[in-house]
1. Would you confirm, using the coordinates I've provided, whether Ala61 is open to solvent by 30 Å² or more (accessible area, probe 1.4 Å), among the hydrophobic types (A, V, I, L, M, F, W, C) and modelled with pLDDT under 95?
2. Please go through region 44-58 and give me each residue that is crowded, with 16+ Cβ neighbours inside 10 Å and either at pLDDT below 95 or closer than 19 Å to Thr7 by Cα (or both), ordered by number.
3. Go through region 1-13 and give me each residue that's open to solvent by less than 100 Å² (accessible area, probe 1.4 Å) and either touching a Pro at 6+ places or on another chain (Cβ under 8 Å) or not β-branched (Val, Ile, Thr) (or both).
4. Is at least one residue of region 14-22 closer than 19 Å to Ala76 by Cα, out of contact with any helix residue (DSSP H, G or I) (no Cβ under 7 Å at 6 or more places or on another chain) and surrounded by 18 or more Cβ atoms within 10 Å (Cβ to Cβ)?
5. Identify all residues within region 23-34 that are among the β-branched types (Val, Ile, Thr) and open to solvent by 90 Å² or more (accessible area, probe 1.4 Å); write none if there are none.
6. For Val2, all conditions in the list (1) more than 24 Å from Pro81 (Cβ to Cβ); (2) at pLDDT 95 or above hold save one; what is the number of the exception?
7. Mind counting the residues in region 22-65 that are β-branched (Val, Ile, Thr) and under 22 Å from Ala9 (Cβ atoms)?
8. Return the total of residues in region 45-62 being of a type in the set (A, V, I, L, M, F, W, C) and more than 11 Å from the chain's Cα centre (by Cα).
Amino acid sequence: MVRLPLTPADVERGQRLGALLRRARGDRSMLETALDARVSPETLRKIESGRVATPAFSTIAAIAGVLGLSLDEVWAEISRPDDATQAGRDARDRLVS
């Protein structure tokens with residue numbers, strides 16, 4: 001299967017996801033969190049660092065469940081456009097109209 005290259009928005013969303021999971025994990029160890037979620041510690045490390053920008057839904061659901069995050073919370077955090085992205089869209093929309 002050929003995987004399409006990630007867009008800058010995909011990379012940014014992956015970074016926001018990683019930051020959210022790190023914050024939610026707090027002082028809890030990465031190993032404990034990963035084992036409780038039934039993912040490898042390496043997978044969790046890559047997601048938290050943003051190296052895996054588009055992890056599988058089931059992986060995120062499992063990690064979020066262990067950390068007490070609802071999937072709504074996760075989606076709200078990772079889907080929000082940052083100020084620069086929104087400013088670019090606004091400028092493009094002004095040019096088009």
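1. Values: open to solvent by 30 Å² or more (accessible area, probe 1.4 Å): yes; among the hydrophobic types (A, V, I, L, M, F, W, C): yes; modelled with pLDDT under 95: no.
Here the answer is no, as Ala61 does not meet what is asked.
2. Lys46, Ile47, Glu48, Gly50, Val52, Ala53, Pro55, listed by residue number.
3. Of everything in region 1-13, those that are open to solvent by less than 100 Å² (accessible area, probe 1.4 Å) and either touching a Pro at 6+ places or on another chain (Cβ under 8 Å) or not β-branched (Val, Ile, Thr) (or both) turn out to be Leu6, Ala9, Asp10, Glu12, Arg13.
4. Yes - at least one qualifying residue is present in region 14-22.
5. Initial filter on region 23-34 (among the β-branched types (Val, Ile, Thr)): 33.
Matches in region 23-34: none.
6. If we test Val2 against (1) more than 24 Å from Pro81 (Cβ to Cβ); (2) at pLDDT 95 or above, just (2) comes out false.
7. So the count comes out to 6.
8. 2
The values are calculated or read from the model by the stated rules, or taken from the named source; none is laboratory data. Source: prediction; values computed, not measured. Please note: Cβ atoms are built from the backbone with ideal geometry, for glycine as well, and neighbour counts cover all protein chains shown. When the accessible area is computed, the model is the full protein with side chains, heavy atoms only, and any ligands, DNA or RNA have been set aside. Shrake-Rupley method; radii C 1.70, N 1.55, O 1.52, S 1.80 Å.
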